[in-house]
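Note sheet for the following structure.
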Amino acid sequence: MAVRLLLYLAILLVGGFIGFKELANKKIISKLDHIQSGSLLFLLFIMGIRIGLDDKVISSFLKLGVQALVLSVFSIVFSVLLIKLVSKYI
Amino acid sequence: MSFKIILSVTAGILVGYFLLPEYIFDYTDIIIDIGLCILLFFVGIDIGRNKTVLIKIKKMGLKILLIPIMIIIGSIIGSWVGGLFVNLPFNESGAIGAGFGWYSLSAMLLSSYSTEISALAFISNVIREVIALISIPIIAKYIGDVESIGPAGATAMDTSLPIISKSTNAKTAVISFVTGVILSIAVPIIVPLIINLPF
């Protein structure tokens, strides 16, 4: 967990440095949006595959789905509402 | 974007469920890790190009902590309220909400308490992540930039970060990463704390 955290931070910092110093190829910069969207959608596809491959997830989803959905929806709604309360101070 | 996200996840689930053999699962881990690292690299470039972002974040100071604090309180109270509708005691619903979308860890933390609650924590936080991926672009557009970090929870530093970065701006992306880090540290502390509450 700590290793992963440092890895993500290091990668972001390296990318940030390259972006800040404008070291990246102009061609790449102009395609940044497409590269991000493309790899993001691919990543989500793989994440979907993981969910689909895991029989435990699928079967427990059918059994516990309603309870789980209610809990997650309320968690999300309250999180967004509370952030809305403080967002003008950010 | 939301539509493409739903399409990708759904296509993945269907392909995984109907087409692929189980052993593929072990390989998906490394693909996700590599993919995520590449994606974070580009998110980093995007943030770095925005020269004023560091100054803005510096100006915020400790106020940046408001976002993770609100997500912690909101997730726990939200799941308490949701728990009332589905007949769960406060310690169970609260602990599940305190997973903040990190499904693997929250399920592990609750596995010694009860298999059923562990499974519920897993599936509920998987759903949270999926809803986050879909709703972030919509919330960013219609409610506000920092509000879009709300659904992401602990995933604000990895899987949701590219979406937040795309849907908002460099400043919000940095707040999102910091928020995700704090929430990820909070999960293993708060989940055991709440499950041991006497009510």
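Applying a threshold of 6 Å to beta carbon distances and a minimum spacing of six or more residues, or different chains, the list of pairs starting in the stretch A:1-22 at a residue that is at the interface with chain B (Cβ under 7 Å from one of its Cβ atoms) and ending at one that is aliphatic (A, V, I, L, M) and in a helix (DSSP H, G or I) reads A:Tyr8/B:Leu40; A:Ile11/B:Leu40; A:Leu12/B:Leu40; A:Gly15/B:Ile45; A:Gly16/B:Ile47; A:Ile18/B:Ile45; A:Gly19/B:Ile45. Just one of (1) closer than 21 Å to A:Ile29 by Cβ; (2) open to solvent by 40 Å² or more (accessible area, probe 1.4 Å) fails for B:Thr10. It is (1). Within the stretch B:71-87, if we keep just the residues that are touching a residue at least 24 places away in the same chain (Cβ under 8 Å) and open to solvent by 10 Å² or more (accessible area, probe 1.4 Å), the residue that is nearest to A:Ile90 (Cα to Cα) turns out to be B:Ile72. The residues of the stretch B:51-60 that are in a helix (DSSP H, G or I) and open to solvent by 40 Å² or more (accessible area, probe 1.4 Å), listed by number, are B:Leu54, B:Ile55, B:Lys56, B:Lys58, B:Lys59. Just so you know, in the stretch B:89-106 the residues that are open to solvent by 10 Å² or more (accessible area, probe 1.4 Å) and at pLDDT below 95 include one that is nearest to B:Asp29 (Cα to Cα), and it is B:Ser104.
Per-residue answers, yes or no, for (1) among the acidic types (Asp, Glu); (2) within 18 Å of the chain's Cα centre (by Cα); (3) closer than 24 Å to B:Thr172 by Cβ:
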site: B:Ile47; (1), (2), (3): no, no, yes
site: B:Lys56; (1), (2), (3): no, no, yes
site: B:Lys59; (1), (2), (3): no, no, yes
site: B:Lys63; (1), (2), (3): no, no, yes
site: B:Ser75; (1), (2), (3): no, yes, yes
site: B:Ser79; (1), (2), (3): no, yes, no
site: B:Leu84; (1), (2), (3): no, no, no
site: B:Ile117; (1), (2), (3): no, no, no
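Would a scan of the stretch A:24-43 turn up a residue that is more than 7 Å from chain B (Cβ to nearest Cβ), open to solvent by 80 Å² or more (accessible area, probe 1.4 Å) and not in a helix (DSSP H, G or I)? For the stretch A:24-43, residues more than 7 Å from chain B (Cβ to nearest Cβ), open to solvent by 80 Å² or more (accessible area, probe 1.4 Å) and not in a helix (DSSP H, G or I): present. For B:Val174, the conditions (1) closer than 19 Å to A:Ile11 by Cβ; (2) away from chain A (no Cβ under 11 Å) all hold with the exception of (2).
In the stretch B:131-167, the residue that is least open to solvent (accessible area, probe 1.4 Å) out of those that are over 25 Å from A:Arg4 (Cα atoms) and not in a helix (DSSP H, G or I) is B:Gly144. Per the listing A:Ala10, A:Ala68, the residue uniquely over 18 Å from B:Ser148 (Cβ atoms), within 21 Å of the chain's Cα centre (by Cα) and crowded, with 16+ Cβ neighbours inside 10 Å is A:Ala68.
A:Gln36: polar (S, T, N, Q) and under 19 Å from B:Phe42 (Cβ atoms), yes or no? Yes: the conditions hold for A:Gln36. Taken over the stretch B:147-174, residues that are at pLDDT 95 or above and of a type in the set (Asp, Glu) amount to 1. For the stretch B:118-127, the criterion of a residue being within 10 Å of chain A (Cβ to nearest Cβ), under 30 Å from A:Ile90 (Cα atoms) and either without any contact (Cβ under 8 Å) to a residue 24 or more places away in the chain or open to solvent by 20 Å² or more (accessible area, probe 1.4 Å) (or both) is satisfied by at least one position. Of the residues making up the stretch B:176-197, not a single one is at pLDDT 95 or above, open to solvent by 10 Å² or more (accessible area, probe 1.4 Å) and not in a helix (DSSP H, G or I). If you go through the stretch B:13-50 and keep only what is aromatic (Phe, Trp, Tyr) and surrounded by 15 or more Cβ atoms within 10 Å (Cβ to Cβ), you end up with B:Tyr17, B:Phe25, B:Phe41, B:Phe42.
Against the definition (open to solvent by 40 Å² or more (accessible area, probe 1.4 Å), part of a helix (DSSP H, G or I) and either modelled with pLDDT of 80 or more or within 19 Å of B:Met157 (Cα to Cα) (or both)), how does A:Phe61 come out, yes or no? No: the conditions fail for A:Phe61. Among the residues here, B:Phe90 qualifies as more than 9 Å from every other protein chain (Cβ to nearest Cβ) and more than 13 Å from the chain's Cα centre (by Cα).
The values are calculated or read from the model by the stated rules, or taken from the named source; none is laboratory data. Treat the numbers as computed from the prediction; the structure is a model and nothing was measured. Neighbour counts run over all protein chains shown; Cβ positions are idealised from the backbone, glycine included. With ligands, DNA and RNA removed, areas are computed over all heavy atoms of the protein, side chains included. Shrake-Rupley method; radii C 1.70, N 1.55, O 1.52, S 1.80 Å.
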